[in-house]
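The next block holds one structure in the form of structure tokens; read it before the comments.
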Amino acid sequence: MSKDKTASANPAAKLWGGRFSEATDAFVERFTASVNFDQRMALEDIQGSLAHAQMLSEVGVLTEDEYRQIADGLREIGIEIEAGEFPWSVQLEDVHMNIEARLTDRIGATGKKLHTGRSRNDQVATDIRLWLRGRIDQIAAELTRLQSGLVDLAEREADTIMPGFTHLQSAQPVTFGHHLLAWNEMLTRDYERLLDCRKRVNRSPLGAAALAGTSYPIDRARTAELLGFDAPTENSLDSVSDRDFAIEFCAFAALLLTHLSRASEELVLWTSSQFDFIDLPDRFCTGSSIMPQKKNPDVPELVRGKTGRVNGHLVALLTLMKSQPLAYNKDNQEDKEPLFDAADTALDCLRAFADMAPALRAKKENMLAAAAKGFSTATDLADYLVRRGVAFRDAHEIVGQSVSFAIEQDKDLAELSLAQLQQFSDQIGDDVFEVLTLEGSVAARDHIGGTAPAQVRAACERARKLIAARG
Ligand code: ARG
């Protein structure tokens with residue numbers, strides 16, 4: 001350690017230790033440190049510092065030579081970090097001060113000039129935005145991979161008939177392809193939300209400094225450009241303090257996981273021996289240590305379970321932000337773990353689903369048999385009567401009586417004879433059996449958003465075009 005005045009008045013050699021007369025309490029040091037988790041943003045921190053130093057040299061605050069030394073030193077530190085050889089220190093509190101101190105160790109006093117015209121407050125806000133932008137792009141790619149797989153599967157299953165449910169009771173027959181496209185719609189909205197969130201993430205807070213800006217002649221548009229941000233943020237106080245972009249991302253992630261957990265729940269139900277609608281390949285399942293017959297759908301179960309933690313992270317961040325006065329407060333150090341975990345969980349769950357979806361095998365005979373049970377074409381019979389001039393309420397009553405009769409006879413509607421059906425209405429003719437079949441029922445729902453196989457194929461084509469346009 002050098003013998004200059006700053007160092008001797010600063011027992012623990014903190015970068016901010018000038019006004020302190022005793023070392024930080026050891027527990028407080030650990031309690032306030034974030035380096036154990038914020039080192040995940042190390043490469044973004046270096047990226048931000050490189051842009052800041054370059055801009056400082058361009059506006060004449062650093063000489064060309066100083067900038068070169070700083071840039072070379074930062075790049076070497078980057079290599080050291082990637083190799084896992086960086087000596088992280090809790091005494092140096094966070095990723096920012098670890099890297100800055102290391103720079104000065106390596107290149108000497110010039111390293112101390114890097115922090116000119118900035119603060120950890122705008123630095124950390126920049127790092128999180130860069131980190132999150134990278135994750136958003138990975139998540140968008142994985143979401144797209146999942147959707148492509150789903151649309152392909154929907155196309156293959158466009159004619160496969162299954163029961164559609166309301167209240168988890170058999171309601172009307174639908175096609176499996178149509179059901180899969182319902183999942184795809186939810187994911188399309190998630191994708192749109194993600195991209196919308198990215199717009200607000202992708203602004204540069206660098207130059208806001210501690211809270212009020214800086215007296216150096218900085219060029220914020222230049223650092224924004226160097227870092228690939230769309231523009232600098234507008235207000236310095238807001239720039240260092242609000243984490244609404246992270247909250248927005250968690251809201252996206254919570255909805256995504258909510259959608260994935262709904263699909264998971266269906267997969268869990270459908271793989272059960274009671275439903276037995278689909279087969280999930282062994283590689284996505286595990287067994288039981290005691291019951292030899294078991295094959296458990298662990299992957300969808302875990303996705304369903306992980307929704308809880310992501311919802312929790314959203315609430316954690318909302319609560320973290322609530323009531324914080326302007327501008328930066330140390331509370332904001334608590335933004336990282338929930339945000340990191342929300343992003344990791346979203347990415348892992350998408351990966352699991354994207355791998356799993358194309359491998360789902362529909363057990364078509366079981367689906368069809370289940371659709372044939374439960375009077376799922378009763379609405380079709382009512383619609384048939386309405387087409388014959390019966391008022392819908394009367395038709396509803398007639399069909400209700402027919403269903404009740406069929407239950408007594410232990411038969412399905414299509415298994416009743418014409419004479420039996422005609423007891424309830426003389427408007428019923430022998431063409432009624434066309435509408436009582438499952439194929440007739442689904443094919444009749446032939447409009448945009450309907451379950452007819454032809455509509456499913458058209459919807460797949462539209463979905464594919466939308467996905468392809470993402471580039
Ligand atoms: N580790 C801090 C955080 O994550 C960095 C900013 C600290 N700024 C400060 N003024 N103490 O928020």
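The values are calculated or read from the model by the stated rules, or taken from the named source; none is laboratory data. Given the structure is predicted, the values throughout are model-derived calculations rather than measurements. Positions of Cβ are generated from backbone atoms using ideal geometry, with glycine treated the same way; all protein chains shown enter the neighbour counts. Just the protein is used for accessible areas: all its heavy atoms, side chains included, with ligands, DNA and RNA removed. Shrake-Rupley method; radii C 1.70, N 1.55, O 1.52, S 1.80 Å.
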- Task: Any of LYS14/LYS199; LYS295/LYS364; LYS113/LYS336; LYS199/LYS322 with alpha carbons more than 29 Å apart? Name them for me.
- Result: LYS14/LYS199
- Message: Could you derive backbone 3J(HN,Hα) for the range 445-458 from the dihedral phi with the Karplus parameters 6.51, -1.76 and 1.60 (θ = phi - 60°), listing whole Hz in sequence and x where the residue is Gly or Pro?
- Response: 8, 10, 9, 3, x, x, 8, 4, x, 5, 5, 5, 5, 5
- Message: Given a 1.4 angstrom probe, what's the average accessible area per residue across the range 294-381, in square angstrom?
- Response: 44 Å²
- Note on the structure: Between ARG388 and GLU82, the two model label points (7 Å from Cα along the beta-carbon direction) sit apart by a distance in nm of 7.6 nm
- Report the normalised scattering of the chain as log10 I(q)/I(0) at q = 0.08, 0.09 Å⁻¹, calculated by the Debye formula with identical scatterers on the alpha carbons. -0.65, -0.75
- What distance in nm separates the simple spin-label points at ASP72 and ASP152, each placed 7 Å from Cα in the Cβ direction? 5.0 nm
- If you look at just the Cα atoms of the range 301-399, how large are its Rg and its Dmax in Å? 25.8, 72
- Rounded to the nearest 20 Debye, what is the dipole magnitude of the range 1-142 about its Cα centre when Lys and Arg each give +1 and Asp and Glu each give -1 at the C-beta? 400 debye
- Query: Using alpha-carbon positions, what is the distance between the centroids of the range 181-227 and the range 408-454, in Å?
  - Reply: 55 Å
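Give a quick list of GluC sites (Glu not before Pro) in the range 74-110 that DSSP marks as loop, anything other than H, G, I, E or B, with at most 11 other Cβ atoms within 10 Å. Display every interim value, and only then the final one.
Details: sites: GLU76, GLU80, GLU82, GLU85, GLU93, GLU100; in loops: GLU85, GLU93.
Hits after loop and neighbour filter: GLU85.
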- Using label points projected 7 Å from each Cα along Cα→Cβ, tell me how many nm separate ASP65 and LYS364, to one decimal. 7.8 nm
- Message: Accessible area of the range 208-282 with a 1.4 Å probe: how many percent of it is carbon plus sulfur?
- Response: 49 percent
- Item | Length gained when the stretch SER417-ASP137 is fully extended (0.36 nm per residue, less Cα-Cα span) | 94.8 nm
- Message: Give me a comma-separated list of calculated 3J(HN,Hα) values for the range 268-283, in order, Karplus coefficients 6.51, -1.76, 1.60 applied at θ = phi - 60°, integers in Hz, x for any Gly or Pro.
- Response: 4, 4, 5, 7, 5, 5, 5, 8, 6, 8, 9, 10, 9, x, 3, 5
- Task: Could you run the Karplus curve 6.51 cos²θ - 1.76 cosθ + 1.60 with θ = phi - 60° over the range 380-394 and give me ³J(HN,Hα) per residue in whole Hz, x for Gly and Pro?
- Result: 5, 5, 4, 4, 4, 5, 4, 4, 8, x, 7, 5, 4, 5, 5
- Specify the longest stretch of the chain that does not include any exposed loop site, a site being one of the trypsin sites (Lys or Arg not before Pro) with a non-H, G, I, E, B DSSP assignment and at most 10 other Cβ atoms within 10 Å. 4-321
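To one decimal place, what orientation-averaged projected area in nm² is obtained for the convex hull of the Cα set of the range 367-424?
Numbers: hull surface 15.6 nm².
Hull-based average projected area comes out at 3.9 nm².
Can you give the % of DSSP beta bridges in the chain that are antiparallel, to the nearest 5?
So the antiparallel bridges in the chain amount to around 80 percent.
Report, in debye and to the nearest 20, how large the dipole of the range 58-148 comes out about its Cα centre when Lys and Arg carry +1 and Asp and Glu carry -1 on their Cβ. Mind dumping the intermediate values first?
On the way: 12 positive and 17 negative charges, 59 e Å.
Here the range 58-148 has a charge dipole of around 280 debye.
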- Item | Where the Cα pairs of the range 422-471 fall when distances are cut into 5 Å bins, in % | 4, 19, 16, 14, 12, 10, 8, 5, 4, 3, 2, 1, 0
- Query: Dipole magnitude of the chain about its Cα centre, charges +1 at Lys/Arg Cβ and -1 at Asp/Glu Cβ only, in debye to the nearest 20?
  - Reply: 940 debye
- Note on the structure: Given Cβ charges of +1 for Lys and Arg and -1 for Asp and Glu, the option among PRO358, SER272, VAL310 whose Cα lies farthest towards the positive end of the dipole of the range 270-365 is SER272
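Go through the range 153-237 and name the GluC sites (Glu not before Pro) that are in a DSSP coil and have 11 or fewer other Cβ atoms within 10 Å of their Cβ.
Working: sites: GLU155, GLU157, GLU185, GLU192, GLU225, GLU234; in loops: GLU157, GLU234.
The qualifying sites are GLU234.
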- Query: Using modelled amide H (1.01 Å from N, peptide plane; none on Pro or chain starts), what sits under 5 Å from the amide H of VAL61, excluding residues fewer than 5 places away?
  - Reply: none
- Query: Reachable aspartates and glutamates from LYS294, Cα under 13 Å, same-chain residues fewer than 8 places away excluded?
  - Reply: ASP282
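Just to confirm, what accessible area per residue do you get for the range 144-254 at 1.4 Å probe, in whole Å²? Don't skip to the answer; put the middle values down first.
Working: 4470 Å² over 111 residues.
Heavy-atom accessible area per residue stands at 40 Å².
Across the range 257-306, how large is the tail of the calculated P(r) beyond 18 Å, expressed as a percent of all Cα pairs? Write out the running numbers ahead of the final one.
Details: 354 of 1225 pairs.
That fraction is 29 percent.
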- Task: Return the Cα extents of the range 239-340 along principal axes one, two and three, sorted largest first, each rounded to a whole Å.
- Result: 59, 25, 19
- Item | Leading residue at positive end of dipole, the chain (Cβ point charges), from PHE424, LEU194, THR24 | THR24
- Query: Using a Förster distance of 25 Å, how high is the FRET efficiency between LEU326 and ARG40, based on the Cβ-Cβ distance and rounded to 0.05?
  - Reply: 0.40
- Note on the structure: Listed by chain and number, the residues whose amide H is under 5 Å from that of ALA171, excluding neighbours fewer than 5 places away on the same chain and using placed H, are GLY164, PHE165, THR166
- Query: Taking +1 at the Cβ of each Lys and Arg and -1 at the Cβ of each Asp and Glu, which of ALA253, THR144, VAL35 sits farthest along the dipole of the chain towards its positive end, judged by Cα position relative to the Cα centre?
  - Reply: VAL35
